[in-house]
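Worksheet: the structure to be examined is printed underneath.
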Amino acid sequence: MVKINNIYQDKKTKKWFFRAYFGTDSNGKKLQKTKRGFSSQREAKLAYDKFMLTHGYNQSITNQLSTSNQITFEEFYRVRFVKWYEKQVKRQTFENAQFIFEQKMSYFYSLRVRDISSSDIEDWMFELSQTSTRNSRKQKVQDTLSKSYINRIRGHLKIIMDRAVHEGLIETNPVDKVSYLPLENKRVDFWEIQEFKKVMNVFSDNSIQVKHRKLVFELLFYTGLRIGELEALSWDNVNFEKNQITVEKTLIYVSKDNWYFSTPKTKNAYRTIGIGKVLSKKLYEWSQLQRMIGKFEYVIQLDGTFTPPYSFANWLKEAAIKAEIKPIKLHSLRHSHVALLIEQNIQPLAIQERMGHSNIQITLGTYGHLYAKSDNEVVEAIDDFQSDDVILEEIDEFELV
């Protein structure tokens, strides 16, 4: 588990607590505040951040600052930026960004905002490029942070420094002078339809648990929904007469007792899509089976709670290994759906609407390379168009002879 500054676990109770420091008094004694009883590290961290924003820390920092041009990056981030940023974005976005802000930008904490230069940022990005991933540390594999992730972190730094410009602490944003790292042409993983069917054949048991897992994977593969969108799907969102489902929210799963619904990723993610008669029939049969267990509001609930997304990911991986098919991530079932549509010559705009992408560039940028697979058909069509010309030339030559 990643260690977070000021957050600790009580070895006896296993509960988490935070300890905030305010410097020392006139006698050299540490000034601090401790609050205990949190069930998770994350919960303690959120409480700590809230405390730092609403209690004496703000006053302490304010008293220490002689002028705004002396403010350090950490002071600006904690005192001004976080409070503003939390009001600008959705809760999920804010919580996801917190990790990057806290873990990836400590490099700048001691620097005054006005002193941060483009060369500092370039050095920082190079340091990030040499940083091992969390998984590689666990598995002892030397994988470093990807360029796309480092670019994402750079983007978060730009947001902070843009805010500093807006508040008049600096005149220009030094991040603007630092280029993004060049990305490799990364291709998405996906399964062909026959590969997916082989994996699904592993789920041959008639138990309700197995039926549940298989249905989830089929829904993801044949609809292209994100797992959060699928888990948030209620029976009110299913129209059996029109064979359609409507996406209007997504589940943010933290733990069994800590989850909430959020709005879809973008405004285009609000959508109604067709699922066809076969999938609609499977859903109806599942609704009847679900009623035998209890009355549930949400489509893929099995016991009245929500199944962790990582559980579905693990079950999919196990099934792929049994089927001797290369495993893919759970989210790659969404990619597989797009690959299936492209295989059927579905136009990019139709795919964009079905997937809920905010613009066509996302669709083409993510899946454009899959269209190359159809290039053979294009070449064959071109040959067909020209074949008549070849025949005519042969006839002309024959007549000349």
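The values are calculated or read from the model by the stated rules, or taken from the named source; none is laboratory data. Please read all numbers here as calculations on a predicted model, not as lab measurements. Every residue, glycine as well, gets a Cβ built from its backbone with ideal geometry; the counts of neighbours run over all protein chains shown.
Answer yes or no as to whether Y21 is closer than 30 Å to N258 by Cα, more than 30 Å from the chain's Cα centre (by Cα) and modelled with pLDDT under 70. When the stated conditions are applied, Y21 does not pass them.
Cβ separations smaller than 7 Å between residues 6+ apart or across chains give the following pairs from the stretch 151-164 residues that are touching a residue at least 40 places away in the same chain (Cβ under 8 Å) to residues that are not in a helix (DSSP H, G or I): L157/M105; M161/N173; A164/I170. Taking residues in the stretch 6-28 that are closer than 11 Å to Y48 by Cα and basic (K, R), and partners anywhere that are at pLDDT 85 or above and in a strand (DSSP E or B), the pairs with Cβ atoms closer than 6 Å and at least 6 places apart or on different chains are R19/T34. Restricted to the stretch 277-315, and to residues there that are in a loop (DSSP other than H, G, I, E, B) and of a type in the set (D, E), the residue that is nearest to Y260 (Cα to Cα) is E297. Pairing residues of the stretch 103-129 that are closer than 16 Å to F81 by Cα with residues that are polar (S, T, N, Q) and assigned to a helix (DSSP H, G or I), at Cβ distances under 8 Å and at least 6 apart in sequence or on separate chains, gives R112/N69; R112/Q70; R114/N69. Among the residues of the stretch 273-298, those that are exposed (fewer than 14 other Cβ atoms within 10 Å of the Cβ), out of contact with any helix residue (DSSP H, G or I) (no Cβ under 8 Å at 6 or more places or on another chain) and not small (G, A, S) comprise K277, V278, K281, Y284, E285, Q288, R291, M292, K295. Please indicate, with yes or no, whether at least one residue in the stretch 274-292 is in contact (Cβ under 8 Å) with a residue 12 or more places away in the chain, in contact with a Ser or Thr (Cβ under 7 Å, 6 or more places away or on another chain) and not assigned by TED's automatic domain parsing to the domain that holds T93. Checking the stretch 274-292: at least one residue is in contact (Cβ under 8 Å) with a residue 12 or more places away in the chain, in contact with a Ser or Thr (Cβ under 7 Å, 6 or more places away or on another chain) and not assigned by TED's automatic domain parsing to the domain that holds T93.
When the residues of the stretch 113-144 are filtered to those that are of a type outside the set (S, T, Y) and in contact with a strand residue (DSSP E or B) (Cβ under 8 Å, 6 or more places away or on another chain), the one that is modelled with the highest pLDDT is V113. Among the residues of the stretch 293-340, just one is under 22 Å from G274 (Cα atoms) and without any contact (Cβ under 8 Å) to a residue 60 or more places away in the chain, namely Q301. When we screen T246, T266, T223 for residues that are closer than 23 Å to I153 by Cα and of a type in the set (S, T, Y), the only hit is T266. One residue stands out in the stretch 71-107 among those that are loosely packed, with under 15 Cβ neighbours inside 10 Å and among the aromatic types (F, W, Y): the one that is farthest from the chain's Cα centre (by Cα), namely W84.
Determine whether the stretch 164-182 contains at least one residue that is surrounded by 19 or more Cβ atoms within 10 Å (Cβ to Cβ) and under 18 Å from S332 (Cβ atoms). Scanning the stretch 164-182 turns up no residue that is surrounded by 19 or more Cβ atoms within 10 Å (Cβ to Cβ) and under 18 Å from S332 (Cβ atoms).
The criterion of at least 1 residues that are modelled with pLDDT under 90 is met by the following strands (runs of 3 or more DSSP E) wholly inside the stretch 174-266: 250-255, 258-262. When I325, I346 are checked against the criterion of being surrounded by 13 or more Cβ atoms within 10 Å (Cβ to Cβ), outside any helix (DSSP H, G or I) and modelled with pLDDT of 95 or more, I325 stands alone in meeting it.
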